[in-house]
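Here is the structure we will look at, set down as structure tokens.
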Amino acid sequence: MISDRRTEYDIPHTVACRALGVSEAWFHKWRRRPSEPTKREARRRQLEERITYFFRESGDTYGSPRVTLDLWAEGWQVSVNTVAEIMADPGLQGRRPPRRRRSLTRQGKRRAAPDLVHRRFDAVAPDVLRVGDMTAIETGEGKLYLATVLDLLASPARLRDGIAPRRRAGRSVAADGGRCPRW
């Protein structure tokens, strides 16, 4: 572009360099560059092709450490940081391993809760045997805790009939003192 302005509009290269924020030394270095890519540029291009190949072969899951191991197995001498830099340019990003979930009852750390039901889930009367569960749901605004409490005597039809009207949807289990709502 600087050379074009010089030939077409008679603008000196010093003025064009200053207007574009480029030093004159870099302009002259660019003008003297070879027309063919250097050995380093050619190696870098081959390395980019191999990195892309290994990344695609992995199903777009490998990150730079595993791609580097594949390159080393092929005989390339390259660092993990170089592979990471080359992968970042086109946006090749490996899949993160899933987070390990920590159990609430870790073995050896805390006693397990006593089994009050003795694995018999047959209720003989209403409000005698209940089960519950709680889970945390990640949202954009933080964690949302969802808790359920079920009376084991209730049949699926009774549960469906009780949920359909949504009469008490605004109340929580905690507000009811832990009692199951009766429909």
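At 0.36 nm per residue, and after removing the present C-alpha to C-alpha distance, how many nm does the segment from LEU150 to ARG96 gain when stretched out fully?
Values: separation 54, 0.36 × 54 = 19.44 nm, distance 3.67 nm.
Result for the pair: 15.8 nm of gain on full extension.
Taking all protein chains as they are arranged and a probe of 1.4 Å, the heavy atoms of GLU85 leave approximately 100 Å² accessible to solvent. When nucleic acids and ligands are ignored and a 1.4 Å probe is applied, VAL131 ends up with an accessible area of around 50 Å². You can think of it this way: the chain between THR52 and TRP72 has 5.7 nm of extra reach, that is 0.36 nm per residue less the Cα-Cα gap.
Summarising the label geometry, the points placed 7 Å from Cα in the beta-carbon direction at ALA42 and ILE137 lie 5.9 nm from one another. Only protein heavy atoms count here; on that basis, with a 1.4 Å probe, ASP60 has an accessible area of about 70 Å². How many angstrom separate the Cα center of region 32-64 from the Cα center of region 69-83? Result: 11 Å between the Cα centres.
The values are calculated or read from the model by the stated rules, or taken from the named source; none is laboratory data. Model, not experiment: these values are computed from the prediction. Note that each Cβ is placed from the backbone with ideal geometry, even for glycine, and that neighbours are counted across all protein chains shown. Please note that ligands, DNA and RNA were not included when accessible areas were found on the heavy atoms of the full protein model with its side chains. Shrake-Rupley method; radii C 1.70, N 1.55, O 1.52, S 1.80 Å.
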